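Here is the structure we will look at, set down as structure tokens.
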Amino acid sequence: MATVLKNISEIRRFFHRNEDPIYFISATNFNLLGLDEWVKNFKYICYIDCYGGKHPNVFCPSEQPHAEFQSIEDINNYLLQHKEVIDFIKKRGGKPKFVFLMFDEETERLSKELGAEVWFPKAKLRTAMDNKIETVRIGNKAGVPSVPNTLAEVKSYEDLRKTCEKAGIGHDLVLQSAFGDSGHTTFFIKSEADFRRHEHEIIGEGEIKIMKRINCRGAAIEACATKEGTIVGPLMTELVGFKELTPYRGGWCGNEILATAFPPKVRQQARDLTFKFGEQLRKEGYRGYFELDFLIDKKTGDLWLGELNPRITGASSMTNHAAFAHADAPLFLFHLLEFSKKKFNLDVDELNARWADPANIDGWSQMVIKHTKDSVDICTQSPETGIYKMLEDGSVVFDRFDYHRRAVESENEAFFLRILQPGDYRYEGADIGILVTRGRSMTKAFQLNDRAKKWIHGIQRAVDGKPLPVASASPDLADPAFKIL
Amino acid sequence: MYWRAISEDTPGPKWAGLFREYWPEYRAWWLKEGETARPTYAESRRALGVHMPELLPLYDQLCELAGGTDHAARFLSFYTPPPYLAACSQAIWAGKEPVMVRNYDYNPKAFDSLVLKTRWMGRDVMGTSDGLWGLVDGVNDKGLSISLTFGGRRVAGEGFGIPLILRYALQVCETAQEAAEVLARVPTHMSYNVTVLDRKRDYLTVMMAPDRPAVVSHAAVATNHQENVEWVSHARFTATVERERFLLQRLRFHRDPEEKFIGAFLKPPLYSTAFRQGFGTLYTAVYRPRRRQMELRWPGVTWQLSLKDFAEGARDVSLPGAA
């Protein structure tokens, strides 16, 4: 084998002949779906078996008693201490490499115990980069501007008003704590009543990013910082806060990838800014996969930096399945390459130019469907993973099992990945599953289109639950039948 | 469950009667690890004098009413008692009025089911009684209300049983800030999350523990873990993470009117009927510190109690699965 990989073809061959086992360890394998077909000896170790045991490269250990997980890091740390996982990794041998969606210092420690390398920058560095306040600073250095904002501690609503007057950003605000995603820690605050609902998450939480609220739409872009330069994926639309999909206001609930989602000027600018940001990240010591959210002002078309996710994300499956990814290689392969220590030469400018070509982008969309009702119960049935068909009358039926999302043939088919399983607790905000379709799910005005609504309805209809046991004091004991002394 | 609401301004015959009634069972509980496992009278009284000196005259008076025995006095000091366990959820409503709602999940057989209203040390206090003069939740005439949840940690150390610390805070504090300072200072023998809410709607949650400094936070929700789940089986059994998540969702997504917010505590997942395993919801309490009011609730039943115009009474409540 060549000592230096000279081109894409050699890079692809390198991974097709890879010997050391590489594991993606996470709640589900969705983020890196399909990567096992590019990399030999690539396995998924997951907490939730979305495939009912039918995916050849997904390993799910049997459930052991554990505390309710408070984060994805908790899930990974649970998996890494599970006997069946440890046995599986040991039995397969080699020098294991781990990749995660989320991990912390405990995950690093457990990985080391297993003799595995974590193929990501250190948790400490990632945590520092993930801090929204730090993101603003890196952006400013790189020449990537953030929405007009101020960073301050907030003591009360009065105090917040004063801070904003001083900063000249008005009183219609978006507040974000240093960490957090998918709308969990993004608060829209216009009045004292809004403030009261979130004050427990704002007061005493240290510095908060306080932004002027702008009328914008969200866009996401993924990239990979390598020693040869930053490779930039396509600009994706974001589905945000649709009540059919998520109860979280302002919460991410999907993406679309299509060549003409944004005007060419915006696309080009986003790519340039992402490249610059990636180059700055390298200077800060970060390398590998990352994602940026941009906010595009609806009126002016101005592009602002929203946030940085120094990791793979829920949108990674979109980036890694676009036409260019099949033509060249999925973006995540370059991340693995960067960490493999293998020497390679790559003309990043040429690759970026090719990936910017609209001909290399086909239209896909994904919707993350959550339980949106204000209710809690136990799931009794949910649609299984596979390919679904939409019939003439708009109803949705299961067609066949598959774990390849590219098996979707037309806009009348969709791939659904089941997350909620019968027996699970169904609560407001619980993930039901992810639906991937060809074509758009939004209109030109960025509203959910009719087809998408039918798909969501079709999936939601197939989910059912039974109520939790309810207590009631028997009626003869209710007032005024009480015995009063 | 037979509930009573009793009022007595200064310690006297009513309190002495209650002590006689509850003492045999408390005595058995207090002695369950043997007498030598508990601090001596001298140690106990000294500890009270160091950490809650204002309570000493009242303590001495109660010991006298309890018959003046060594065991009774040591028990009443609440100093390093046998371990307690409980579940519980509590949250501050996000509306304009200060309102705190809590569920008390416990074993019905080891519970006083008693609301006590007193004017000890010249201050009006009412709340849900534990151990004759301790409180698991309550409110005082300055419009300060307080409530505890178990912190979900097994570690026990030297310190006071939490009900007496809550009583102390209501006897000597007027604001959430003052109470938080007291809670952070007085040693507790187990881990608890204590939330205080005052008439100005200031609130604080103090995560107390015997083995590390207290953490004062602005949390509006507390269930049965502190910053991280440490006691896995207890957490799983009491569904503490789910209850916390559920309450945080209520605050984040919804503009619940007061009644709806309170109603959530009377239904799953907050409301529990796991009495057979020892921890069901015994009652829901609602505190309105600005109005100096509390309410006890069960599904379909509301019992209002007011500090200004307290009416003694009783209720016989039957809960499915509870004794």
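Numbers below:
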item: Net charge, B:Gly151 excluded, C-beta distance under 13 Å - Lys, Arg +1, Asp, Glu -1; result: -1
item: ³J(HN,Hα), Karplus 6.51/-1.76/1.60, whole Hz, each residue of the range A:144-157, x for Gly, Pro; result: 10, x, 9, 4, x, 8, 9, 10, 7, 7, 10, 9, 6, 5
item: Entries of A:Lys97/A:Lys341; A:Lys54/A:Lys389; A:Lys40/A:Lys95; A:Lys265/A:Lys454; A:Lys299/A:Lys453; B:Lys96/B:Lys308 with Cα pairs more than 24 Å apart; result: A:Lys265/A:Lys454; A:Lys299/A:Lys453
item: Choice from B:Thr69, B:Thr175, B:Thr273 showing the highest fluctuation, given a GNM over chain B with Cα pairs closer than 10 Å; result: B:Thr69
item: Separation of the B:Val155 and A:Glu411 label points, Cα + 7 Å toward Cβ, nm; result: 6.1 nm
item: Percent of Cα pairs exceeding the 11 Å cut-off, where the set is the range B:15-60; result: 73 percent
item: Radius ratio Rg over Rh of the range B:111-236, counting only Cα atoms, Kirkwood formula for Rh; result: 0.96
item: Those residues of the range B:265-286 for which accessible area with every protein chain present is at least 50 Å² below the isolated value (1.4 Å probe); result: B:Pro268
item: Residues whose placed amide H lies under 5 Å from that of B:Val301, excluding near-sequence neighbours; result: none
item: 10 Å-binned pair-distance histogram of chain B (Cα, whole percent); result: 6, 29, 38, 23, 4, 0
item: Karplus-derived 3J(HN,Hα), 6.51/-1.76/1.60, for each residue of the range A:94-105, Hz, glycine and proline x; result: x, 9, x, 10, 10, 10, 9, 7, 9, 7, 10, 5
item: The range B:1-122 - percent of accessible surface contributed by carbon and sulfur, probe 1.4 Å; result: 55 percent
item: Where N is the number of residues in the range A:56-139, Cα Rg divided by 2.2 N^0.38 Å; result: 1.25
item: Proportion of all alpha-carbon pairs of the range A:195-287 beyond 15 Å (%); result: 72 percent
item: Stretch in chain A that is longest and holds no GluC sites (Glu not before Pro) that DSSP places in a loop and that have at most 14 other beta carbons within 10 Å; result: A:64-391
item: Mean projected area in nm² (Cα convex hull; one quarter of hull surface) for the range A:344-392; result: 8.6 nm²
item: Members of B:Lys109/B:Lys142; A:Lys373/B:Lys200; A:Lys166/A:Lys212; B:Lys109/B:Lys260; A:Lys155/A:Lys209; A:Lys276/A:Lys444 lying beyond 24 Å, as alpha-carbon distances in this model show; result: B:Lys109/B:Lys142; A:Lys373/B:Lys200; B:Lys109/B:Lys260; A:Lys276/A:Lys444
item: Rounded to 10°, Cα long-axis angle of helix B:162-172 versus longest principal axis of chain B; result: 90 degrees
item: For the range A:332-411 versus the range B:64-125, the gap between their alpha-carbon centres in whole angstrom; result: 55 Å
item: Protein heavy-atom accessible area occluded, A/B pair - total, 1.4 Å probe, Å²; result: 3800 Å²
item: Pairwise centroid distance, computed over Cα atoms, of the range B:183-246 with the range A:285-302, Å; result: 38 Å
item: Lys, Arg +1 and Asp, Glu -1 on Cβ, resulting dipole of the range B:27-152 about Cα centre, debye, nearest 20; result: 100 debye
item: Debye log10 I(q)/I(0) for the range A:121-272, one point scatterer per Cα, at q = 0.10 Å⁻¹; result: -0.42
item: Overall Cα dimensions of the range A:292-374 - principal axes, largest extent first, Å; result: 52, 34, 25
item: Positive minus negative residues near A:Pro96 (Lys, Arg vs Asp, Glu; Cβ under 12 Å); result: +3
item: Share of Cα-Cα pairs in the range A:73-112 lying beyond 13 Å, as whole percent; result: 51 percent
item: Equivalent-ellipsoid semi-axes of the range B:124-186, from the Cα gyration tensor, Å, largest first; result: 20, 14, 10
item: Sulfur and carbon atoms: percent of accessible area, the range A:232-297 [1.4 Å]; result: 54 percent
item: Value of Rg/Rh across the range B:12-117 [Cα atoms, Kirkwood radius]; result: 1.03
item: Under 5 Å, built H, 5+ apart or other chain: amide partners of A:Asn18; result: A:Lys40
item: Cα→Cβ-extended label distance, 7 Å offset, between A:Thr127 and A:His16, nm; result: 4.2 nm
item: Two-site FRET efficiency, A:Arg161 against B:Val232, from Cβ-Cβ distance with R₀ of 60 Å, rounded to 0.05; result: 0.85
item: Cα-based convex hull, the range B:177-228, per residue volume (Å³, whole number); result: 71 Å³
item: For the protein assembly as shown, accessible area per residue (1.4 Å probe, heavy atoms of protein chains only), Å²; result: 39 Å²
item: Cβ-placed point charges (K, R +1; D, E -1), dipole of chain A about Cα centre in debye, nearest 20; result: 1120 debye
item: Principal semi-axes in Å for the range B:206-281 [√(5λ), Cα gyration tensor, largest first]; result: 23, 19, 10
item: Reduced Cα scattering model of chain A, Debye log10 I(q)/I(0), q = 0.12, 0.13, 0.14 Å⁻¹; result: -1.16, -1.37, -1.57
item: Rounded tilt (10° steps) of B:13-30 against the dominant C-alpha axis of chain B; result: 90 degrees
item: Kirkwood Rh in Å, taken over the range A:9-74 so that all alpha-carbon pairs contribute; result: 13.2 Å
item: The range A:129-203 pair-distance distribution - Cα-Cα, 5 Å bins, rounded %; result: 3, 14, 25, 26, 19, 9, 3, 0
item: Cα-only radius of gyration and Dmax that characterise the range B:219-323, units Å; result: 15.5, 44
item: Where B:Trp298, A:Trp252, B:Trp231 fall by accessible area, highest first, once all protein chains stay in place (1.4 Å); result: A:Trp252, B:Trp231, B:Trp298
item: Charged-residue dipole, Cβ positions (Lys, Arg, Asp, Glu), chain B about Cα centre, Debye nearest 20; result: 780 debye
item: Qualifying trypsin sites (Lys or Arg not before Pro) in the range A:15-46, DSSP loop, other Cβ atoms within 10 Å at most 12; result: A:Arg17
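The values are calculated or read from the model by the stated rules, or taken from the named source; none is laboratory data. The shown structure was predicted, so the numbers you read here are calculated from the model rather than taken from an experiment. Note that we place each Cβ from the backbone using ideal geometry, even for glycine, and neighbour counts take in every protein chain shown. Accessible surface is based on the protein model in full, side chains and every heavy atom, while ligands, DNA and RNA are left aside. Shrake-Rupley method; radii C 1.70, N 1.55, O 1.52, S 1.80 Å.
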